[in-house]
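Peer 1: Dropping a structure here in structure tokens format, bear with me for questions.
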Amino acid sequence: MTERMITAVSNPHVDVLGHCTGRLIIGCGRPESQFEPERVFTACCEHGVAVDINCRPERQDPPDRLLRTAAEAGCLVAIDTPADSVSAPTGG
């Protein structure tokens, strides 16, 4: 996944790297994609690409440890509502 992600964020038409791990922690559950976060987040910084913070309870992507890595690399972040779903978030 590392090379695919670096290729994506190197594209001048990309502004935000979303769902970087693709994980789902509620519902069907899906483990995180494996990639080298330091390399990917460095590429994001070099190309001015923000890392999306998906706060939906079933995703919480990226997890805290990767958010720290992105912050330490100096990444921009994007926090917004998911445009791919009109359902109300689950949880409290």
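Peer 1: Taking interchain pairs and intrachain pairs at least six residues apart, which have beta carbon atoms under 8 angstrom, with the first residue in region 1-26 and acidic (Asp, Glu) and the second crowded, with 17+ Cβ neighbours inside 10 Å?
Peer 2: ASP15/VAL49; ASP15/ALA50
Peer 1: If you don't mind, another one. Which members of region 62-84 meet the condition of being part of a loop (DSSP other than H, G, I, E, B) and either surrounded by fewer than 17 Cβ atoms within 10 Å (Cβ to Cβ) or at pLDDT 95 or above (or both)? Give the derivation first.
Peer 2: Start the filter on region 62-84 by keeping residues that are part of a loop (DSSP other than H, G, I, E, B), which leaves 62-63, 74-76, 80-84.
Within region 62-84, PRO63, GLY74, CYS75, LEU76, ASP80, THR81, PRO82, ALA83, ASP84 qualify.
Peer 1: Going residue by residue through region 45-61, is there one that turns out to be β-branched (Val, Ile, Thr), assigned to a loop (DSSP other than H, G, I, E, B) and surrounded by 17 or more Cβ atoms within 10 Å (Cβ to Cβ)?
Peer 2: If we filter region 45-61 for residues that are β-branched (Val, Ile, Thr), which is where we start, we get 49, 51, 53.
So of that shortlist, the ones also assigned to a loop (DSSP other than H, G, I, E, B) come out as 49.
Retained after the next criterion (residues that are surrounded by 17 or more Cβ atoms within 10 Å (Cβ to Cβ)): 49.
Looking for residues that are β-branched (Val, Ile, Thr), assigned to a loop (DSSP other than H, G, I, E, B) and surrounded by 17 or more Cβ atoms within 10 Å (Cβ to Cβ), one finds at least one in region 45-61, hence yes.
Peer 1: Here is a further query. Filter region 10-30 down to the residues that are outside any loop (DSSP other than H, G, I, E, B), over 12 Å from ALA78 (Cβ atoms) and modelled with pLDDT of 95 or more and list them by number.
Peer 2: If the condition is that a residue be outside any loop (DSSP other than H, G, I, E, B), over 12 Å from ALA78 (Cβ atoms) and modelled with pLDDT of 95 or more, then SER10 is the only one that fits.
Peer 1: Let me ask something else. Restricting the search to region 44-78, which residues are within 15 Å of GLY18 (Cβ to Cβ) and among the aliphatic types (A, V, I, L, M)?
Peer 2: VAL49, ALA50, VAL51, ILE53, LEU66, LEU67, ALA70, LEU76, VAL77, ALA78 - these are the residues of region 44-78 that are within 15 Å of GLY18 (Cβ to Cβ) and among the aliphatic types (A, V, I, L, M).
Peer 1: Being at pLDDT below 80 and either assigned to a loop (DSSP other than H, G, I, E, B) or crowded, with 16+ Cβ neighbours inside 10 Å (or both) is true for just one of SER33, SER87. Which residue is that?
Peer 2: Values: SER33 fails: at pLDDT below 80.
Being at pLDDT below 80 and either assigned to a loop (DSSP other than H, G, I, E, B) or crowded, with 16+ Cβ neighbours inside 10 Å (or both) holds for just one of SER33, SER87, which is SER87.
The values are calculated or read from the model by the stated rules, or taken from the named source; none is laboratory data. These figures come from a predicted structure and were not determined experimentally. Quick reminder, even Gly has a Cβ in these numbers, built from the backbone with ideal geometry, and neighbours come from all protein chains shown.
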